[in-house]
């Protein structure tokens, strides 16, 4: 399994997304509102509590690339859509991996649109924990437009990381687009830096995407690998 | 440039103690060449000859059981037989004999060793084990060791060319390299230009002495004003960063491995984990280390940082005899974030008062084919105070060009298209400690590093 922060195949233990989100939230980052559900009824009830539209994501240690298994259903606008999506997720999981143990679904509020950025932590063999920042989507996947710094970072380092990426102008006000909340990115990077220091067992952590607004941001997806125990096959 | 305020490293205090005793390697009172040879094609001959020909002042002791004299120097059958106390041993014996040789050196009181021989960690498990043994023996005998598998050390300020080729030109940049050829090429270029180096170290397998030791050593070395470093990966990340953080002198690093193939080649060459280039890039930025992308850049940036001070700002004026080169320079400068500011009206008016009417008074300021040394001088005198730095481009055979440049002013010189005049004036400039760059692009890339990483202007002495 490849993370944007990872070198390649991660060998450690993969945290389930609810666990990963809980870790990130406990560290002090703003995380998308979510519930876990183990049946279509629970999912519909959770969606009702969160408010529509919602997204459903499969929760399984065997399925890290969720979309390969129809494991992500977005923009569900009512109870019927949630019920149908739940069944699609379960069918997809069974098709993808017959023996996959599925620990239910994650029901998340749909985040309103903003600029997608990626924040991450990785463990470098020479330098120890390092932080990553970049723009999400094709910017990280195709252009590899990311900046790294070693943990711990200063506020100055965090600001330099943000300015260093080629896509930086996309975070500034231009042609009617509003400027994005860079102070919040700095705070998130500093928080992740502290997390990297205090949790040396984190081998790789990807927050991708984090949706960045004119004010504030929200972590929509979190993947965490811990060093040590065997990971998913 | 801030040196990464946020990074705290344990200040273990061991590094100072470690780099102190590198004196035996760089400034030994006497040197033994173990494995000296009388065959001119062998390294054991070339190195002995280079030490002698570079003008080493102390006793030189060739060691070879099969010779009584090499190059008119008395040869000893073993290090134990040497009738003196060599401080440095240069070792060129087969790998298998190196641990025992180091032990014999220890018994003789040798303090430093340069192990040229290959056949260690670069060549498989057996070599790796030999390297461990060699290191253990060196440590047990308190010998600091450069190498093994290296091209040696050259300190032109001490007449010590324990390396090849024979180069003796003294200068202000230290060259530290994991590759012998890279080190030699830099010193060779510097010698050809007449600027020289403060020292050269080919680190080889870095069993003991590594880049962190050498950053520390050269930061404290009186002749060194900038450090050029070629590495394929650091040996010890935290120690390297701690040394870089403490260094007050600019450090320029050339580190290949941007591509996956390059990273694999580096790991195979050095038998160490090269790590991810993106993380190196971040660490270099965080710790105020200047990164070069090519060998030429490693040379150019180190040269600029060793011989020029940091300008007080980014505002640059171009004075040129070549319109094209002015454009090339301004284009690269702007791309590098330098400020190609317009001439202030007062300065432009003043310039128009004495420049021929057909001149376009602008930045770049093109003096055209009419340019003379005097015209350069007059123009710079009028315009310099409105800018942080003046880039002076000589694009023709300008006789007296070297007289135009004031070493104490923030000026960067590019000279090209001047044939013999260029070579002569360039020699004069380099002899005065003024670096000359061969193309507008190379000059401007170097200037950009100077703005970011340069040593600040010295306070005027009262």
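A short reminder: the numbers here are calculations on the coordinates, not readings from a lab. On a predicted model such as this, the values are computed, not experimentally measured, just so you know. Note that we place each Cβ from the backbone using ideal geometry, even for glycine, and neighbour counts take in every protein chain shown.
Some notes on this structure:
- For chain B: rounded, prolate or oblate by the Cα gyration tensor [a/c cutoff 1.5]: prolate
- Descending semi-axes in whole angstrom, ellipsoid equivalent of the protein assembly as shown, from the Cα gyration tensor: 53, 40, 18
- Protection proxy ranking, peptides B:72-79, B:154-161, average beta carbon neighbours within 10 Å, highest first: B:154-161, B:72-79
- Take each residue in A:115-126, count the other chain C-beta atoms within 10 Å of its C-beta, and the mean is 3.
- Across chain B, the relative contact order, built from alpha-carbon pairs under 8 Å that are at least six residues apart, equals 12 percent.
- Its relative contact order, with pairs defined as Cα atoms under 8 Å and 6+ residues apart, puts chain A at 27 percent.
- Fully extended contour minus Cα-Cα distance, from residue A:78 to residue A:52, at 0.36 nm per residue: 8.7 nm
- Relative contact order, percent, the range B:23-146 [alpha-carbon distance under 8 Å, six or more residues apart]: 24 percent
- Taken residue by residue and averaged, Cβ atoms of other chains lying within 10 Å of the Cβ of B:236-245 number 2.
- The label point for residue B:260 and the one for residue A:67, both projected 7 Å from the Cα toward the Cβ, are 2.0 nm apart.
- Angle in degrees between helix B:277-286 and the longest Cα principal axis of chain B, rounded to the nearest 10: 70 degrees
- The C-alpha atoms of chain B define a longest principal axis, and helix B:125-140 lies at about 90 degrees to it.
- Take each residue of peptide B:283-290, count the partner chain Cβ atoms within 10 Å of its Cβ, and average: the result is 3.
- Inter-label distance for residue A:159 and residue B:74, nm, one decimal - labels placed 7 Å from Cα along Cα-to-Cβ: 6.9 nm
- Between the helical axis of B:260-270 and the longest alpha-carbon principal axis of chain B there is an angle of about 40 degrees.
- Global geometry of chain A, whether rounded, prolate or oblate, following the gyration tensor of its Cα atoms and the 1.5 cut on a/c: oblate
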